[in-house]
1. Checking HIS388 against (1) outside the structural domain of LEU457 (by the TED database); (2) open to solvent by 40 Å² or more (accessible area, probe 1.4 Å); (3) part of a loop (DSSP other than H, G, I, E, B), which single condition isn't satisfied?
2. Cβ contacts < 7 Å: first residue of a type in the set (S, T, N, Q), restricted to the stretch 188-210; second residue at pLDDT 95 or above and assigned to a helix (DSSP H, G or I), any location; separation 6+ or different chain. Result?
3. Against the definition (in contact with a Cys (Cβ under 7 Å, 6 or more places away or on another chain), hydrophobic (A, V, I, L, M, F, W, C) and in a strand (DSSP E or B)), how does LEU217 come out, yes or no?
4. What number of residues in the stretch 305-359 are open to solvent by 10 Å² or more (accessible area, probe 1.4 Å) and within 22 Å of ASP423 (Cβ to Cβ)?
5. Only residues that are assigned to a helix (DSSP H, G or I) and either within 24 Å of ALA357 (Cα to Cα) or at pLDDT 95 or above (or both): list them for the stretch 391-413, please.
6. What are the pairs, 6+ residues apart or on separate chains, where a residue within the stretch 141-156 that is crowded, with 18+ Cβ neighbours inside 10 Å has its Cβ under 9 Å from a residue that is aromatic (Phe, Trp, Tyr) and part of a helix (DSSP H, G or I)?
7. Testing MET382 on (1) under 30 Å from ASN257 (Cβ atoms); (2) aliphatic (A, V, I, L, M); (3) out of contact with any helix residue (DSSP H, G or I) (no Cβ under 7 Å at 6 or more places or on another chain), one condition comes back false. Which one is that?
8. Is at least one residue of the stretch 261-275 in contact with an Asp or Glu (Cβ under 6 Å, 6 or more places away or on another chain), part of a loop (DSSP other than H, G, I, E, B) and not β-branched (Val, Ile, Thr)?
Amino acid sequence: MHRALSISEVVHTIASYHSEKKDLTALARTCREFSEPALDTLWWELDDLTPLLRCLPQDLVSCGETELVRSGVYSLRREFTTADWTIFRKNAARVRVLNDIVPDDENNNASDSSDWVDVISDDVFEALCRPPASDKPLFPKLRTLMWRKVQPEGFDFLELLLSPTITRLDITPHSSSTRVLRLAAKLSVLCPHLRHFTWIFPGLLDSTSTAKAIATLSQTVVSWPNLNDVACHYLNAEAIRHLSSLPSIGLLVIAVNDATYPALHVPAFSGASDVYIQTPPGHTLSAVVPLIRAGQWSPTEFFVGTGMASASSIRHLSEALSGHFDRATLKTLKIDEWDDRTPGITLCTRDLEPLFAFGSLTSLRVDTRREVELDDTALLHMADAWPHLVSLRLNERSGWRRRSAATLHAVRGLLQRLPRLADLAVAVDCERVAYDALGDALYGRVRAGARRVEVNLLDSRIGGEHHAEVAAFLADVVPEMTRSRDLSAWGWREEEEEEPVGLDMMERVRYWERWWNVAATVVMINRIRKRDRGEVDDVVE
């Protein structure tokens, strides 16, 4: 054997290139020099605790299939002995990353229509909470700990896992009980070197629980001086101001919990590239405005979400962003306003016009339940304001909810003015507007070029006799559209319970079928042209 293979670091590097468990197991059995590095790599990251339990004697922990559901239940058959703890600790000592504690039923093995779900019984957790006295933690090298569905029976074990070695903690507790918040209050002591913190309650809390959670988690977060990312919806103004002073913060996911905010650190969140802000229940996007106005921000990506709308809330948000966000830095903007009770509220140029100042935007996504009131002129103004756009999606999830005032001429104009545009979601009117590709003055002169563009025309209307003309127009504009999936419309018709534009189901299905025919015709036209140029052998997709 080459002398280099006697160097532990070299063998560890070799082992790290093998991701398959069978390869690492074989490497561990090769020789003593390879055994430890291979086992370290094999146990480095676990999806849950079950691999550790499967290494224990079968007369200690067994996995039996239940009769009611397809699941294996890990249950305790006797007490742990010293020898059992030695086996568990030997393997646990190698674990650096625990992606969860119990198996996630969403990621378990599927068999036809049924899912196999592993379950760890309460008696196993109770036994694991009683290890023999030791000066070392149960997982002495653990760096990342995630537990996304912490039930009451697991909290004692969770506290046992927390140690100063942990730098990433991602917890979703079952409730905001006193026991849960008591543990949250000790996190800064148990994990003093934490850099990545996620603490998300799965549901809405009542007002009393919300106040307690905000006070506890805010005090905890303030105690960490070197956080890299935070995802916690229960922080007060003091905690947010503290975070704004940390240049180490790269990712921020928070919610607005106060009506006013003191001035943030200057600059605010100087190292944060991604910022996500959620409004509290019952508040519109206007609730985010005081926080934005409290500082000068410079993220590259900003997402803001709410469950309630008002006629002026998007405009208020846009004006605040224009005045307090670095216009050269912001590249991606996502606005999510998901309120089903918005009759008569529209999304128009006035709402988005303040955002025209962000000339470096590469991606804009606005999802609302509003009726979209944008025409060709408005869309082309957007193209002029944001010349670097790669993705433009306007109400992709619910459509424009009315007959669009825009036309395919705007689609052509967007592609002409936005040379990098690859993803477009808008609605147009192809029912009342006539298209004559061959007679158009710009036929053959304005094309997307060699780039591939995905176009979602949402709830665009189209006449039954117009599909050939529309297809010819699009084929001329987007010659690289050679896959039917590159052009879509009315794609959510089976998922939506209500008619987004006041049409019955049969009308919606007819529009979808017409656009399907358009897409198929566009693909056929473009593939025939490519075949004639010798670029493809077959016109069939």
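1. Among (1) outside the structural domain of LEU457 (by the TED database); (2) open to solvent by 40 Å² or more (accessible area, probe 1.4 Å); (3) part of a loop (DSSP other than H, G, I, E, B), HIS388 violates only (1).
2. So the pair list comes out as SER188/THR220.
3. No, not satisfied.
4. Selection size over the stretch 305-359: 9.
5. Restricting attention to the stretch 391-413, the residues satisfying the condition of being assigned to a helix (DSSP H, G or I) are 408-413.
Passing the criteria: ALA410, VAL411, ARG412, GLY413.
6. The qualifying pairs are GLY154/PHE125.
7. Exception for MET382: condition (1).
8. Checked the stretch 261-275: no residue is in contact with an Asp or Glu (Cβ under 6 Å, 6 or more places away or on another chain), part of a loop (DSSP other than H, G, I, E, B) and not β-branched (Val, Ile, Thr).
The values are calculated or read from the model by the stated rules, or taken from the named source; none is laboratory data. Nothing here was measured: the structure is a model prediction, and the numbers come from that model. Note that each Cβ is placed from the backbone with ideal geometry, even for glycine, and that neighbours are counted across all protein chains shown. Calculation scope for accessible area: heavy atoms of the full protein, side chains included, ligands and nucleic acids excluded. Shrake-Rupley method; radii C 1.70, N 1.55, O 1.52, S 1.80 Å.
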